1. List, please: which pairs have Cβ atoms under 7 Å, are six or more places apart or on different chains, and start with a residue in the range 435-447 that is of a type in the set (A, V, I, L, M) and end with one that is more than 8 Å from ligand 2 (Cβ to nearest atom)?
2. Of all residues being in contact (Cβ under 8 Å) with a residue 60 or more places away in the chain and either in a loop (DSSP other than H, G, I, E, B) or hydrophobic (A, V, I, L, M, F, W, C) (or both) in the range 461-472, which is nearest to ligand 2 (Cβ to nearest atom)? Just the residue, please.
3. Please go through the range 19-29 and pick out each residue that is touching a residue at least 60 places away in the same chain (Cβ under 8 Å) and either surrounded by fewer than 22 Cβ atoms within 10 Å (Cβ to Cβ) or assigned to a loop (DSSP other than H, G, I, E, B) (or both).
4. Going by the structure shown, is ALA499 more than 16 Å from ligand 1 (Cβ to nearest atom), hydrophobic (A, V, I, L, M, F, W, C), outside any strand (DSSP E or B) and under 22 Å from MET353 (Cα atoms)?
5. For PRO224, all conditions in the list (1) within 23 Å of LEU375 (Cα to Cα); (2) more than 23 Å from the chain's Cα centre (by Cα); (3) modelled with pLDDT of 95 or more; (4) not charged (D, E, K, R) hold save one; what is the number of the exception?
6. Quick one: what pairs do we get from the range 478-494, first residue part of a loop (DSSP other than H, G, I, E, B), second among the β-branched types (Val, Ile, Thr), C-beta under 6 Å, 6+ apart or different chains?
7. Give the number of residues within the range 229-262 that are in contact (Cβ under 8 Å) with a residue 60 or more places away in the chain and not in a helix (DSSP H, G or I).
Amino acid sequence: MPELRCLHVVLGDQLDLGAAAFDSFDSARDAVWMAEVAEEATHVWSSKPRTVMFLAAMRHFARAVQAAGRPLHYTRLDDLGNAGSLAAQLQLDIHRLKPARLAMTAPGDWRVLTALKAVAQTSGLPLDIYEDRHFFCTVSEFAAHAKRRKTLRMEYFYREQRQRHGVMMDNGMPIGDQWNFDADNRDAFDAAGPGRVPPRTAFVPDAITREVIALVDTRFATHPGQLDSFSWPVTRAQALEALQAFIRERLPLFGRYQDAMWPHDPWLYHSHLSAALNLKLLNPREVVAAAEAAYRDGRAPLASVEGFVRQILGWREYVRGVYWTRMPQYLECNALGAEEDLPPWFWTGATDMACLRDSLTQTLTHGYANHIQRLMVTGLYAMLLGVHPRLIHAWYLAVYIDAVEWVELPNTLGMSQYADGGVMGSKPYVATGKYIQRMSPYCKRCRYDPTQRSGDNACPYTTLYWDFLMRHEKTLARNPRMALQVKNVARLSEAQKQAVVERAASIRRGEVGVDAGGQQHG
Ligand SMILES: Cc1cc2nc3c(=O)[nH]c(=O)nc-3n(C[C@H](O)[C@H](O)[C@H](O)COP(=O)(O)OP(=O)(O)OC[C@H]3O[C@@H](n4cnc5c(N)ncnc54)[C@H](O)[C@@H]3O)c2cc1C
Ligand code: SF4
């Protein structure tokens, strides 16, 4: 066997033939290494849609690697002798293939980076780690940005990125002389609802994806989620088609309705591109450029385009920076001392709370929920209840098709749970059920009343909101952005407080919110 100069490790979220690790690739002397391993579907209880998303995209990418003439060593999940974890499989293949060195693009997860570095070390092989070009900002650039500041805030980082990369800028100034159009981007739908929203760009599973669906359904039969309607883009060509359709059909109203929710319509005006971006089927630069071009050609309004660009050039890059500059300690954050279990119906959708039932059901069916459902329905409930951050983190990482730790963890621990004590956001995103009532019609169809904080009909969000303020009164009173909300606690009588405490206790005991006869998924 001729000597193998370099084995190029490609992970399930690095599916780009143009990745930096390939710059020095020589098909005559190097080979690509990919492996499907059970550990990636079991280290959290990965939902079936999420596992199919990764495996189907990997198998399609393997074809592209071969078509490009690059030698490939690919281990399938059902291969005899599959070692079960990335580290163990790589170790086995190093022994068999005897490469002189290893190369890879920087992994997205701390856990994976640590495990693969250890394999290289025990094998005595040099490991070249290349910068991931799928981000506007490198980790060291983010670290330099963070070093200059007492507190991190997304807004300042985002402005810096716009300037540095000349995105939506004219003569050094933001287009429209304004950085932020949030005020134009907060509408709910009126009573008539969203009307006819362009249908989502869906892809009928081909033979490769159907084979993966059958495999996952058998191998991970007890895992949560459903596969009947799996229709996500799993190739670069499909991802590009989804991007073009979004720019053409949804971007013009994206901004206006980005915080809105509507029952049984998970898609609305969102892009549904997060998984394609995270698996590197799309490059954020081309996504941002396509949105900016739509504005400049008069195909989409400024507020919408700015709102969309902010999500990608701002939030997406910012959370990655927070992750890599704070790990591994970040995983242990629990600033509010939350210790509760996750309600078991998060895995089934069997709750009688209309907003949660709908958000959980669509999550388990499609592996998707929009940002507001993640932040202000599931995330808010977990924070108000006081769920331990590690448990809610494991849930988010398991259920969404776009879930990879570098983006999921800061959003969950930082933005939605305030477990990092204010690194990601300046205050906890707390609200009563009235927020959900304002942004959706869920409450009209619910057996609870968002205006009630105690009593049999009290909305659990509203009860838990007051309970949260009372439990964390001292800590929150020190936060100037929370002071007004906390002051309201003093307006409650002792009897009113006691009623809240008792109702909150019965919610925690599982006596409220559970739909005993409700549907089960998975
Ligand atoms: C608790 C919680 C957990 C989350 N977990 C994930 C996750 O595992 N993976 C993930 O990609 N996103 C995550 N997000 C961010 C966001 O909810 C999703 O990116 C978005 O809902 C995906 O749907 P979309 O593609 O239709 O997004 P759109 O609403 O169309 O937004 C456009 C793009 O902007 C990016 N984006 C938007 N918001 C964020 C954000 N807060 N952080 C990073 N990128 C953002 C995404 O790439 C998204 O595709 C999480 C948010 C919360 C509150
Ligand atoms: S009343 Fe409360 S639980 Fe019911 S839909 Fe509204 S916010 Fe959700």
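1. Once the first residue is of a type in the set (A, V, I, L, M) and sits in the range 435-447, its partners that are more than 8 Å from ligand 2 (Cβ to nearest atom) give ILE436/MET376; MET439/ALA188; MET439/ASP259; MET439/ALA260; MET439/MET261; MET439/ILE372.
2. Out of the qualifying residues, it is LEU464.
3. Listed by number, the residues that qualify are ALA19, ALA20, ASP23, SER24.
4. Considered against the rule, which asks whether it is more than 16 Å from ligand 1 (Cβ to nearest atom), hydrophobic (A, V, I, L, M, F, W, C), outside any strand (DSSP E or B) and under 22 Å from MET353 (Cα atoms), ALA499 comes out as yes.
5. (2)
6. Listed by first residue and then by second, the contacts come to nothing, as the list is empty.
7. 13
Here is a yes/no grid of residues against (1) surrounded by fewer than 16 Cβ atoms within 10 Å (Cβ to Cβ); (2) more than 26 Å from the chain's Cα centre (by Cα):
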| residue | (1), (2) |
| --- | --- |
| THR114 | yes, no |
| GLN121 | yes, yes |
| PHE135 | no, no |
| THR138 | no, no |
| ARG153 | yes, no |
| ARG159 | yes, no |
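The values are calculated or read from the model by the stated rules, or taken from the named source; none is laboratory data. Only a predicted model underlies this, so the values are computations on that prediction, with no experimental measurement involved. With ideal geometry, Cβ positions are generated from the backbone for all residues, glycine too; neighbour counts draw on all protein chains shown.
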